[in-house]
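Q: Structure in C-alpha cells, see below.
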Amino acid sequence: MSSVSDWKVPASAQPKPESYDYDLNAALSAVVGLRTIAPADAFTAETLGTERAGNGVLIRDGLILTIGYLITEAETVWITLGDGRPVPGHVLGFDNRTGFGFVQALARLDVRPLKLGKSRDAAVGQRVVVGAVGGRQRSLAARIVGKQEFAGYWEYVLDEAIFTGPSHPHWGGTAVIGSAGDLIGIGSLQLQQAIGEQPAQYLNMVVPIDLLPPVLDDITKFGRRSGPARPWLGLYATEVEDKIAIIGLAAQGPARRARLEVGDVVLSVAGNEVSDLADFFRRIWALGDAGVEVPLTVYREGKTFETRVKSGDRAAFLKTPSMH
C-alpha cells in the first residue's frame, strides 16, 4: 500500500497554524486517506470506476466519515493515516440521501477523532480549512462563499449545501473544518458555479455535517437509514432552457426498463410541470416510497406522450458490504 502522495497545495494557499484559534495540526491529524476497490461487475463500476481514492475523517473511535461515491460497493478498503501508515478498513454503510459514506477501521488508529460542529452556524464569508490526508501541506485555507440548494443529476438534492472557495484539488471526502476546529462538512464535488452576483468560479460543494446526526445510529447499526426508501428512476438529468432533459440511463434501472431514452425531455410528473432538477426529483419523491409508479409526460422527437415508470430502491441495485 503506497503512502501519502507527493502533491502539495501551494504554500501561499496552505493554512497557517497561527491564523486559527485551535490546534490546526491536531485537527488535520484526524483526516485520513482512503483507497478502495469495487468489483468489475458492481452497479457503480461503469460510472465511478473500480479503483477510487480520496479522503475521510475520523469522527469516533475507528469510525471514518467520507463521501459515499468513494466506498459504494467497495470490497477492499485501505486507510492511510497522516504519517503514511496503512490500516485495513471495511465499508460500514452509505446514505444516498445525504451522500455520506462510512468506513470502520479494522485496526487501532491511535488518532484523536474530530468533533462534530454545527454547519447551520457557519456563515458565508467565514474562514474554513479544507483538510486532506497529509496535514497542512495538502490542506487549503478557504472561505464559505455560499450556502444554497444543490441538485445533482443523479437524483440527489440538498436543501442547503455549503460552497467553499478556492477549490481543493483533491476534494473527495475532505474535512471542512470550522472556526472552532470542528467538522462542519464533507467535500463532495468540484464545480464551476456563480454565487450571487459573482462570476462563475471553481468551488467545492460540501455536504453539511448537520445532516449526519439523524442517520448516524441507523448507519452504524444497519448500514443504511431505517424506514422506506425513496423512489428511484435510475436516470441522469440536467436543466436545458427551463426543461428537464435526460442525459443518461442507469443500466437495468427503472427508467431504462420503461424505455425512456437519452434526449427525452420530461415536461411533468403526475401532471405537475417541472422546470428545474430539484423540483423534478422532489415531485417524484412526493409520490410515495420506492416501488410507486411515477407518471411522466415526455417529449421526444416532436411528439409528447404519457408513460409510467415503476420506481425502484436504489440500494437494491448495489452490492452490499460483507465483513471480512
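Bear in mind that the values in this text are calculations on the coordinates, not laboratory data. Worth saying up front: this structure is predicted, and the values here are computed from it rather than measured. Counting neighbours? That spans all protein chains shown, and the Cβs are built from the backbone with ideal geometry, glycine included.
Q: Using the count of nearby Cβ atoms within 10 Å as a rough guide to exposure, how do Lys319, Lys16, Lys118 rank from fewest to most? Show your work: numbers first, answer last.
A: Values: Lys319 17, Lys16 10, Lys118 14.
With the sparsest Cβ surroundings first, the list reads Lys16, Lys118, Lys319.
Q: With Kirkwood's inverse mean 1/r over C-alpha pairs for Rh, give me the Rg to Rh ratio of the range 108-267, two decimals please. Provide the component values of the computation, followed by the final result.
A: Working: Rg = 18.1 Å, Rh = 17.7 Å.
Rounded to two decimals, Rg over Rh is 1.02.
Q: Before anything else, pin down the relative contact order of the range 235-317: Cα pairs under 8 Å, at least 6 apart, normalised by residue count, whole percent.
A: On the way: 151 pairs, mean separation 21.7, N = 83.
It rounds to 26 percent for the range 235-317.
Q: What net charge do the residues around Ala141 carry, taking every other residue with its C-beta under 15 Å from that of Ala141, with Lys and Arg at +1 and Asp and Glu at -1?
A: Numbers: positive: Lys8, Lys16, Arg127, Arg136, Arg138, Arg143; negative: Glu18, Asp21.
In short, +4.
Q: Could you please rank Val77, Val87, placing first whichever residue has the fewest other Cβ atoms within 10 Å of its Cβ?
A: Lowest to highest Cβ neighbour count: Val87, Val77.
Q: Helix 213-222 versus the longest principal axis of the chain: what is the Cα-based angle in degrees, 0 to 90, to the nearest 10?
A: Between the helix axis and the principal axis of the chain, the angle is about 90 degrees.
Q: Sequence gap at least 6, Cα distance under 8 Å: using those rules, report the relative contact order of the chain to the nearest whole percent. It would help to have the intermediate numbers written out before the result.
A: Working: 824 pairs, mean separation 49.6, N = 324.
Reported relative contact order: 15 percent.
Q: Below 12 angstrom from the Cβ of Glu239, what's the summed charge of the other residues (Lys, Arg +1; Asp, Glu -1)?
A: Charge balance in the 12 Å sphere: -3.
Q: Using 0.36 nm times the number of residues separating Asn272 and Glu160, minus their current alpha carbon distance, what extension gain do you get? Each step should come with its number before you reach the end.
A: Details: separation 112, 0.36 × 112 = 40.32 nm, distance 2.38 nm.
Result: 37.9 nm gained on full extension.
Q: Still on this structure: In whole Å, what are the Cα extents of the range 206-324 along the three principal axes, biggest one first?
A: Projected onto the principal axes, the Cα atoms of the range 206-324 cover 52, 29, 24 Å.
Q: Can I ask one more? Using the C-alpha gyration tensor of the range 149-210, what are the square roots of 5 times its eigenvalues, in whole angstrom, with the largest one first?
A: Values: eigenvalues 64, 43, 27 Å².
Equivalent-ellipsoid dimensions as semi-axes: 18, 15, 12 Å.
Q: At a 10 Å Cβ-Cβ cut-off, how would you order Trp78, Trp7, Trp232, fewest neighbours first?
A: Details: Trp78 18, Trp7 11, Trp232 26.
Result, fewest neighbours first: Trp7, Trp78, Trp232.
Q: Also: Have a look at Gln14, Ala151, Ala278 and report the one farthest towards the positive end of the charge dipole of the chain, computed about the Cα centre with Cβ charges (Lys/Arg +1, Asp/Glu -1).
A: The one lying farthest along the dipole's positive direction is Gln14.
Q: Which of Ala132, Ala74, Ala42 moves most in a GNM of the chain, Cα contacts under 10 Å?
A: Fluctuation is largest for Ala42.
Q: What share of all Cα pairs of the chain, in percent, falls into each consecutive 20 Å distance bin?
A: P(r) for the chain, in whole percents per bin: 32, 56, 12, 0.
Q: To the nearest 20 Debye, how big is the dipole of the chain about its Cα centre, given +1 on the beta carbon of each Lys and Arg and -1 on that of each Asp and Glu?
A: Details: 33 positive and 36 negative charges, 120 e Å.
The calculated dipole for the chain is roughly 580 debye.
Q: Please name which of Ala258, Thr174, Gln137 has its Cα lying farthest along the dipole of the chain towards the positive end, using unit charges on Cβ (Lys, Arg +1; Asp, Glu -1) and the Cα centre as origin.
A: Gln137
Q: Here is a follow-up. Give the calculated FRET efficiency between Ala316 and Ala11 to the nearest 0.05, with a Förster radius of 56 Å applied to their Cβ-Cβ distance. Can you show the working numbers first?
A: Working: r = 48 Å, r/R0 = 0.86.
Computed FRET efficiency for Ala316 and Ala11 comes out at 0.70.
Q: Further, regarding this structure: Setting aside same-chain residues fewer than 8 positions from Lys221, which lysines have a Cα under 26 Å from its Cα?
A: Leaving aside lysines fewer than 8 places away in the same chain, those within reach of Lys221 are Lys115, Lys118, Lys319.
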